[in-house]
Amino acid sequence: MSKFKIHNTLGHKKEVFIPIDENHIRIYACGPTVYNYAHIGNARMAVVCDLLVRYMRSLYPKVTYVSNITDIDDKIINTALESNIPINELTSKYEKIYNQNMSALNVLQPDVQPRATEHIKEMIELIDKLIKQNNAYIAEKHVLFDVTSYKNYGVLSGRNKEDQIAGSRVEVANYKKNSGDFILWKPSTDDQPGWKSPWGRGRPGWHIECSAMSEKTLSLPFDIHGGGLDLTFPHHENEIAQSCAAHNFKESKDYAKYWIHNGFVTMDGEKMSKSLGNIFLVDDLLKEYSGETLRLALISTHYRQPLNWNSKIIDQAKKNLDRIYRILKEVEEIPLDIDIPASENIKEALSDDLNSSKALFEINLIADKLSKCKESEKKFLKSSLISSGKILGIIQDSPSSWLKYGSNNDNIDSKMIEELIEKRKIARKEKQYTEADNIRDKLNSMGIEIEDKNDDTIWRSKN
Ligand SMILES: [Zn+2]
């Protein structure tokens with residue numbers, strides 16, 4: 001099988017993945033700032049990293065995946081103030097919702113999910129080092145990173161310091177030496193959360209959080225750092241600068257060797273944004289669609305491409321899953337052999353920079369084969385299909401429950417549906433076809449699709 005090739009933002013090219021330690025792969029991805037609901041763009045990042053982790057687990061004996069929780073941030077402080085609730089209540093509420101939403105999308109819980117507020121000590125130590133080495137300075141109770149002190153600044157994003165100055169729309173605080181200098185530590189007023197530090201009571205800036213937490217949980221260097229495209233600059237650029245400067249690393253890859261960034265989710269070609277009012281929240285989408293459907297829609301496009309989010313791709317994903325589960329339903333009685341591995345074709349597709357659309361195409365080919373194969377081949381093909389689906393995080397549900405209940409089973413009166421189906425069966429037996437068709441239409445209008453199979457009728461929600 002081909003070696004895993006990954007597009008490395010550091011260097012901007014596809015490279016063969018060479019692990020730092022092949023017995024233990026270490027991956028970090030920036031997690032959510034927990035002050036509101038996750039949107040589909042956040043979900044794409046989590047699903048892409050989950051796909052990477054699942055695939056790496058199919059190749060290597062041990063993978064540690066860390067994704068943090070940012071639970072201290074000005075947006076959190078402001079939201080808590082506006083909604084008049086304690087900060088920890090706000091953050092724990094949205095951390096819980098985030099994890100529930102991601103779990104509904106079959107995103108496996110990260111092995112470690114460090115919280116920023118639990119790593120203040122490590123952040124202070126790192127900032128202290130940066131000050132001592134003249135990479136950071138204190139100005140008006142703030143500690144700032146001096147971007148001119150780190151020669152490789154801009155290596156990830158390709159942006160140079162001059163670009164930043166020209167492109168800076170934010171008013172530059174007068175205590176900054178250079179407009180691109182960023183905050184490592186800032187003072188807190190008495191009513192703001194804060195921690196004691198050598199520079200007074202205050203709180204960390206966002207970028208230093210990930211540098212401190214990745215080092216603490218994975219040690220440096222680690223293999224892969226992931227995140228959404230919008231994090232490339234300044235967040236990831238700043239992470240590299242802080243960590244490499246603090247440890248006197250010669251090369252940027254001495255912090256993290258490979259950087260992957262997933263493309264934006266767009267709506268009719270426009271980037272999702274609050275001001276355009278086109279943000280889709282995962283929590284809302286999950287009321288209408290199953291998490292597995294949303295996941296398939298998210299991985300139907302290659303992770304680096306922009307993903308145009310619309311009802312068409314969700315419907316296609318739903319239809320695709322219905323079809324595969326229908327094929328699996330036919331072989332429900334055939335025992336599963338968990339020792340049969342995922343198809344080599346699926347692994348081959350993913351080895352090319354996680355080509356999930358190609359992998360899905362291969363999944364559908366196996367499903368096709370399974371629907372037409374000889375009895376003697378069924379066990380192998382079914383097992384291979386399910387093992388392959390596991391790497392993609394799909395088709396792990398029981399076909400009966402998927403086909404019967406579709407997604408929003410809470411709103412469905414199953415008993416009434418079964419009664420109508422029974423009535424229709426009797427009508428058909430008595431050759432009262434108009435009556436039978438009327439019942440089918442009625443079910444249809446309730447959002448229930450039915451299918452006659454031999455003597456049985458199966459139904460599912462169309463959502
Ligand atoms: Zn981060």
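Here is how the numbers come out for the structure above:
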{"read-out": "Difference of contour (0.36 nm per residue) and Cα-Cα distance, SER414 to SER273", "value": "46.9 nm"}
{"read-out": "Eligible lysines near LYS14 by straight Cα distance, threshold 21 Å, same-chain separation 8 or greater", "value": "LYS3, LYS5, LYS253, LYS257, LYS347, LYS358"}
{"read-out": "Debye log10 I(q)/I(0) at q = 0.07, 0.11, 0.16 Å⁻¹ for the range 5-262, Cα point scatterers", "value": "-0.24, -0.60, -1.29"}
{"read-out": "Close Lys-Lys pairs in the range 21-170, where close means Cα under 20 Å and separation is 8 or more or interchain", "value": "10"}
{"read-out": "Gyration tensor (Cα) of the range 412-461, equivalent ellipsoid semi-axes in angstrom", "value": "17, 12, 10"}
{"read-out": "Förster radius 56 Å - calculated FRET efficiency between ILE426 and ILE18, Cβ distance, rounded to 0.05", "value": "0.25"}
{"read-out": "Carbon/sulfur fraction of accessible area - the range 141-283, other protein chains in place, 1.4 Å, %", "value": "50"}
{"read-out": "The chain, helix-only ellipticity at 222 nm - DSSP H runs n ≥ 4, -39,500 (n - 2.57), divided by all residues, nearest 500", "value": "-14000 deg cm²/dmol"}
{"read-out": "Cα-Cα pairs of the chain separated by more than 37 Å (percent)", "value": "35"}
{"read-out": "Rounded to 10°, Cα long-axis angle of helix 74-83 versus longest principal axis of the chain", "value": "60"}
{"read-out": "Cα-based helix-to-principal-axis angle, 414-429 vs the chain, degrees rounded to 10", "value": "30"}
{"read-out": "Which of LEU336, PRO221, ASN42, positive extreme of dipole for the chain (C-beta unit charges)", "value": "PRO221"}
{"read-out": "Fully extended contour minus Cα-Cα distance, from SER2 to SER103, at 0.36 nm per residue", "value": "33.3 nm"}
{"read-out": "The range 226-330 - percent relative contact order, Cα under 8 Å, separation 6 or more", "value": "27"}
{"read-out": "Percentage relative contact order, the chain, counting C-alpha pairs under 8 Å, at least six apart", "value": "16"}
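The values are calculated or read from the model by the stated rules, or taken from the named source; none is laboratory data. Note that the coordinates shown come from a computational prediction; the quantities given were computed from them, not determined experimentally. All Cβ positions, even for glycine, are placed from backbone atoms using ideal geometry, and neighbour counts span all protein chains on display. Accessible surface is based on the protein model in full, side chains and every heavy atom, while ligands, DNA and RNA are left aside. Shrake-Rupley method; radii C 1.70, N 1.55, O 1.52, S 1.80 Å.
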